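**Student:** I'd like to ask some things about the structure below.
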Amino acid sequence: MKWEKLLKDGLTGPLTLVIMDGIGFSERREGNAVADAHTPHLDWLLAHCPHGLLKAHGTAVGLPSDKDMGNSEVGHNAMGAGRIYAQGARLVNEAIETGRLFQGKTWRHLMDYCRENNGTLHFIGLFSDGNVHSHLDHLRAMLERAALVEKIPRGRIHILLDGRDVGETSALEYVDPFEAYLQDLNSRAGVDYRIASGGGRMAVTMDRYEADWSMVARGWETHVAGRGRTFRSAREAIETYRREIPGIIDQDLPPFVIADDQGPVGPIRDGDSVIFFNFRGDRAIEISRAFEEENFDKFQRDPYPKVAYAGMMEYDGDLHIPRSYLVEPPHIEKTVSELLCAQGIRQLAISETQKFGHVTYFWNGNRSGKFDPELEEYVEVPSDQVPFEERPWMKAAEITDRVVEEIRGGRFDFMRLNFANGDMVGHTGIYQAAHIAVEAVDLCLGRIMRAVREAGGMLLVTADHGNAEEMYELDKKTGEVKRHADGTPKAKTSHSLNPVWFLVYEPSGKLQVRFDPEVPDPGLTNIAATCMQILGVKPPDFYDPPLLLFAAS
Ligand code: 3PG
Ligand code: CO
């Protein structure tokens, strides 16, 4: 009997893959909201089921180095594509190092356009070295090229403060050196480049999956119209807001406009060129649509200047957003959903708004469309529009309601779902909330386990990267928890470098599952072939190998 058939025959219910976003594994207890939480179901799985750890960061998911933490884009890309692709962060580095970025037609057009119109060159993007959505090195390389080689006389930078992929109140650690850098560049090149506007990335511009267009509308007001509260410098804006709103972290800082005696220094006008310098797409698509779409109805664009616009990358490979971009994205092909569709496997992808695109668009290699609408269903449960520390349970229960119903209903062979809680609440840096977030996920896991057991299906539980298991900043050199002057731990809002669990629940016991000890360096990329194997479809040779062995009794 062929193993494919054996597995298929062994199961009477569907295969369900649970992605516990941002729930990684760390041995450290301090600041570990996963270990600290009451998680009877996870504990049971760990005690009774085959499980292992998977790499979810750095080169294992296509990032430039093992110093790069994991993130949802590369994590879901890796799970869905079954092999490692060089990711945006790496591709932009290469395009800059080889000079390819500056030789391409997009760069040339951006330069020519503002030169011919005596316009200004604008940069908008996430202002940090987090390397999840962007990297300051990329911005600096482009500024230097524009100032020293292209001799564009006027540049304006619109800075989205991070505090989510980097330290929660680290903005000035980036702003101060950058101001010094600009001053030096201005005097070396004889140009006038300045910071023109900004705000926290969760307050303006970087909304995703259409969760809240008002963020993008505020970004437009700030960067494009130059309307809003004005300050002399970014430092003054940050310090003022921090004084006025005690405890505020960078990602939430309100928008600001930089003005001098003549008024706002950098509204975007006809004849200007605009580069959105994030390489990651989810939070770059909406602002790109606002710049590019003629018939745009999400908010009133006042003004709507005629500019040359480009993104760092193509953000959506199906919808071709944006039309112009500087670096070719990874061309992720033959993802697992496509291959499963070809075999007639019926699939459900479900999450809440905040992670909906993760299990669809990222999972499918940054494509928003379906491979086969007859076989696939995508379900989005609308997310709350409140700070997630106020609702750490988020929509886990609603997602679970639907998954349980579908496990029972038998309409699908393979279901994948993402619980956003560990990650979205982990990003707030609020420990108690993260603790509750993990417990909410565990409670739902229990319900899914029961449904899987009753249906005779199989459950795989994993995560795309860590976050909630490391809620305190660690000193990079000593590995110790960083502390405030009063001794309390410094909250960490970003992801981690930790591995994630891969747990296998096959309640019937028919398949006798164990991990294949021969699989080298297991990582997220091994999940696709593992799912195919369980579903009775032979994984292609170019996929990383499946993780499991089966010996049916
Ligand atoms: C975000 O966009 O919220 C963070 O930068 C990364 O989080 P994610 O990779 O989990 O989406
Ligand atoms: Co995250």
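**Student:** Report, by residue number, each residue of segment 308-351 that is within 21 Å of H109 (Cβ to Cβ), outside any strand (DSSP E or B) and touching a residue at least 60 places away in the same chain (Cβ under 8 Å).
**Tutor:** If the condition is that a residue be within 21 Å of H109 (Cβ to Cβ), outside any strand (DSSP E or B) and touching a residue at least 60 places away in the same chain (Cβ under 8 Å), then S324, E328, P329 are the ones that fit.
**Student:** Residue by residue through segment 30-81, note down the ones that are away from ligand 2 (no atom under 16 Å from the Cβ) and hydrophobic (A, V, I, L, M, F, W, C).
**Tutor:** Once the filter is applied, which keeps residues that are away from ligand 2 (no atom under 16 Å from the Cβ) and hydrophobic (A, V, I, L, M, F, W, C), segment 30-81 yields A35, A37, L42, W44, L45, L46, A47, C49, L53, L54, A60, A81.
**Student:** Sticking with this one: Quick one: in segment 485-497, of everything that is within 16 Å of ligand 1 (Cβ to nearest atom) and either at pLDDT below 95 or out of contact with any Phe, Trp or Tyr (no Cβ under 6 Å at 6 or more places or on another chain) (or both), which residue is farthest from L63 (Cα to Cα)?
**Tutor:** Looking at the filtered set, the residue picked out is A491.
Conditions tested, residue by residue: (1) more than 16 Å from ligand 2 (Cβ to nearest atom); (2) of a type in the set (K, R); (3) touching a residue at least 60 places away in the same chain (Cβ under 8 Å).
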site	(1), (2), (3)
L126	no, no, yes
H138	yes, no, yes
M142	yes, no, yes
G155	yes, no, no
G163	no, no, yes
E168	no, no, yes
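**Student:** Under the condition of being in a loop (DSSP other than H, G, I, E, B) and within 23 Å of I332 (Cα to Cα), which residue from segment 73-119 is nearest to the chain's Cα centre (by Cα)?
**Tutor:** Among those residues, the one meeting the criterion is Q87.
**Student:** I'd like to verify a number: residues in segment 442-459 that are touching a Gly at 6+ places or on another chain (Cβ under 6 Å) and either of a type in the set (A, V, I, L, M, F, W, C) or closer than 23 Å to T488 by Cβ (or both), how many?
**Tutor:** 1
**Student:** Here are S134, S128: which of them is crowded, with 24+ Cβ neighbours inside 10 Å, in contact with a strand residue (DSSP E or B) (Cβ under 6 Å, 6 or more places away or on another chain) and in the same structural domain as R194 (by TED's automatic domain parsing)?
**Tutor:** Result of the check over S134, S128: S134.
**Student:** Identify the residue in segment 12-50 that is within 16 Å of ligand 1 (Cβ to nearest atom) and not β-branched (V, I, T) and, among all such residues, is surrounded by the most Cβ atoms within 10 Å (Cβ to Cβ).
**Tutor:** G22
**Student:** Conditions: (1) in contact with a strand residue (DSSP E or B) (Cβ under 9 Å, 6 or more places away or on another chain); (2) over 30 Å from H484 (Cα atoms). G200 meets all but one. Number of the miss?
**Tutor:** (2)
**Student:** Of the residues D486, D544, only one is in a loop (DSSP other than H, G, I, E, B) and either surrounded by fewer than 23 Cβ atoms within 10 Å (Cβ to Cβ) or within 16 Å of ligand 2 (Cβ to nearest atom) (or both); which?
**Tutor:** Step by step, each of D486, D544 is checked, and only D486 is in a loop (DSSP other than H, G, I, E, B) and either surrounded by fewer than 23 Cβ atoms within 10 Å (Cβ to Cβ) or within 16 Å of ligand 2 (Cβ to nearest atom) (or both).
**Student:** If I ask for residues that are part of a loop (DSSP other than H, G, I, E, B), surrounded by fewer than 19 Cβ atoms within 10 Å (Cβ to Cβ) and either at positive phi or of a type in the set (F, W, Y) (or both), which ones from segment 199-240 would you list?
**Tutor:** E210
**Student:** Among the residues that make up segment 472-486, is at least one of them farther than 19 Å from W501 by Cβ, β-branched (V, I, T) and without any contact (Cβ under 8 Å) to a residue 24 or more places away in the chain? Let's see the steps before the verdict.
**Tutor:** Looking only at segment 472-486, we keep the residues that are farther than 19 Å from W501 by Cβ, and these are 472-486.
In the following step, the residues that additionally are β-branched (V, I, T) were identified as 478, 481.
With the extra rule that they be without any contact (Cβ under 8 Å) to a residue 24 or more places away in the chain, the set shrinks to 478.
Scanning segment 472-486, I find at least one residue that is farther than 19 Å from W501 by Cβ, β-branched (V, I, T) and without any contact (Cβ under 8 Å) to a residue 24 or more places away in the chain, so the answer is yes.
**Student:** Among the residues of segment 380-397, is any in the same structural domain as H465 (by TED's automatic domain parsing), in a strand (DSSP E or B), in contact (Cβ under 8 Å) with a residue 24 or more places away in the chain and in contact with a strand residue (DSSP E or B) (Cβ under 9 Å, 6 or more places away or on another chain)? Quick ask: steps written out before the conclusion?
**Tutor:** First, pick out the residues of segment 380-397 that are in the same structural domain as H465 (by TED's automatic domain parsing): 380-397.
Next, only the ones that are in a strand (DSSP E or B) stay: 380-381.
Narrowing the set further to residues that are in contact (Cβ under 8 Å) with a residue 24 or more places away in the chain leaves 380-381.
Still in the list and also in contact with a strand residue (DSSP E or B) (Cβ under 9 Å, 6 or more places away or on another chain): 380-381.
Yes, that holds for at least one residue.
**Student:** Also, I was wondering about something else. Determine which member of the set S496, S508 is hydroxyl-bearing (S, T, Y) and surrounded by fewer than 23 Cβ atoms within 10 Å (Cβ to Cβ).
**Tutor:** S508
**Student:** Considering only residues that are closer than 24 Å to L11 by Cα, touching a residue at least 40 places away in the same chain (Cβ under 8 Å) and assigned to a loop (DSSP other than H, G, I, E, B), which ones fall in segment 510-523?
**Tutor:** K510, L511, Q512
**Student:** Have a look at D401, D464 and point out the one that is closer than 27 Å to A78 by Cα and not hydroxyl-bearing (S, T, Y).
**Tutor:** D464
**Student:** Evaluate the following for M1: is it in a loop (DSSP other than H, G, I, E, B), more than 20 Å from H495 (Cβ to Cβ) and either within 16 Å of ligand 1 (Cβ to nearest atom) or modelled with pLDDT under 95 (or both)?
**Tutor:** In short, yes.
**Student:** I'd like to know if segment 416-423 contains one or more residues that are of a type in the set (D, E), part of a helix (DSSP H, G or I), within 16 Å of ligand 2 (Cβ to nearest atom) and surrounded by 24 or more Cβ atoms within 10 Å (Cβ to Cβ).
**Tutor:** Scanning segment 416-423, I find at least one residue that is of a type in the set (D, E), part of a helix (DSSP H, G or I), within 16 Å of ligand 2 (Cβ to nearest atom) and surrounded by 24 or more Cβ atoms within 10 Å (Cβ to Cβ), so the answer is yes.
The values are calculated or read from the model by the stated rules, or taken from the named source; none is laboratory data. Predicted model only: the values in this text are computed from it and were never measured. Virtual Cβ from ideal backbone geometry, glycine too; neighbours counted across all protein chains shown.
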